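This report concerns only the one structure given below.
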Amino acid sequence: MRKLPTSSRRDILLPAVLVGMLALLVLVFFISRGEKKEIPPVSEDTSGFEEKYAIQLTDPTLKDIFDRMKNVFSAKVSSYKRHNTKSEFGSEYFYTKLDIPSAFPLPLVNQKLVELITDANYELIDAKETPSGNSLVLDIGYGGKIFHRIYVRRLSSIPLDTVEVVILIDDFGIGEPDVEKQFLALPIDITPTVIPHSEHWEESFSLIRGREFLVHMPMEPEPPTKYEGEFIITADMKPDKVVGMVNSAFALMPAAVGMNNHMASLASP
């Protein structure tokens, strides 16, 4: 058999190799086009959720559970709907993340959440704590079938809601002025209440000058007790007389920001 020159063999093989490589590339392209690209499953760290998956929950029972978690634990609530044909939940599944201030212990949060889930007649199918110890993952549903997953995370970046508390110290005017001075020297804001026409009311009034205070209005108690002084609202008093006494008390101490009652178990049943 006659051998072809080297250059001729190269001229024949090169196009064949190129055609083969091209065919392989086309095959790979169509195979990749045919693959279903699965959305990666949500990990224990839910920070990767994209806003395009965010939803507003329509289930009133779930909304009530999460609203209660907001009120009790200052939780930030975000819910999501995602699609994944290979998911354990089916083609659509729902997640809610509850981010809470790190000041709350995780067992306490878990106890309250499980209580709310149980009270709502949902089934707690699975619950686990993540290795970090700062997160919970809970699956809820019916008849062993999961329909919602809840992530709870303790985050130091979430501020704890604060509330304002007013501390009232009653009975200024009938006690010892030295004791009242000790209350006023406390390193916290207090609101004293002064009994009008009481034995030391004028001295007490001078001590609290510049502070917010209330009129501490004497009202008839039950059982009746001896009350030092005639300035007291009684249960049998006519309405116009009551109004007159209230106005008189505010005229005596016009800087008062309000009024509360002293005794009064009979006069205000």
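Figures for the structure shown
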item	result
LEU214 vs. criteria assigned by TED's automatic domain parsing to the domain that holds LYS76, touching a Ser or Thr at 6+ places or on another chain (Cβ under 9 Å) and either modelled with pLDDT of 90 or more or surrounded by 11 or more Cβ atoms within 10 Å (Cβ to Cβ) (or both)	no
Test for LYS181: is it among the basic types (Lys, Arg) and at pLDDT below 90	no
Unique residue being among the hydroxyl-bearing types (Ser, Thr, Tyr), at negative phi and touching a Phe, Trp or Tyr at 6+ places or on another chain (Cβ under 7 Å) when the list is SER204, SER248	SER204
Enumeration of residues in region 178-227 that are among the aromatic types (Phe, Trp, Tyr) and without any contact (Cβ under 8 Å) to a residue 24 or more places away in the chain	PHE183
Condition check for GLU115: at pLDDT 90 or above and either within 21 Å of the chain's Cα centre (by Cα) or outside the structural domain of ASP67 (by TED's automatic domain parsing) (or both)	yes
Test: GLU180 is outside any loop (DSSP other than H, G, I, E, B), surrounded by 14 or more Cβ atoms within 10 Å (Cβ to Cβ) and of a type in the set (D, E, K, R)	yes
Hey, LYS81 basic (Lys, Arg), at pLDDT below 90 and assigned to a loop (DSSP other than H, G, I, E, B) or not	no
Some residue of region 125-144 being without any contact (Cβ under 8 Å) to a residue 12 or more places away in the chain and in a helix (DSSP H, G or I)	no
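Per-residue answers, yes or no, for (1) within 45 Å of the chain's Cα centre (by Cα); (2) modelled with pLDDT of 90 or more; (3) in a loop (DSSP other than H, G, I, E, B); (4) surrounded by 16 or more Cβ atoms within 10 Å (Cβ to Cβ):
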{"position": "ASP189", "(1), (2), (3), (4)": "yes, no, yes, no"}
{"position": "PRO192", "(1), (2), (3), (4)": "yes, yes, no, yes"}
{"position": "GLU199", "(1), (2), (3), (4)": "no, no, yes, no"}
{"position": "PRO223", "(1), (2), (3), (4)": "yes, no, yes, no"}
{"position": "GLY229", "(1), (2), (3), (4)": "no, no, yes, no"}
{"position": "ASP240", "(1), (2), (3), (4)": "no, yes, no, no"}
{"position": "VAL243", "(1), (2), (3), (4)": "yes, yes, no, no"}
{"position": "ALA251", "(1), (2), (3), (4)": "yes, yes, no, no"}
{"position": "HIS262", "(1), (2), (3), (4)": "yes, no, no, yes"}
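The values are calculated or read from the model by the stated rules, or taken from the named source; none is laboratory data. Computed from a predicted structure; not experimentally measured. Heads up, the Cβs are rebuilt from the backbone with ideal geometry, glycines too, and the neighbour counts pull from every protein chain shown.
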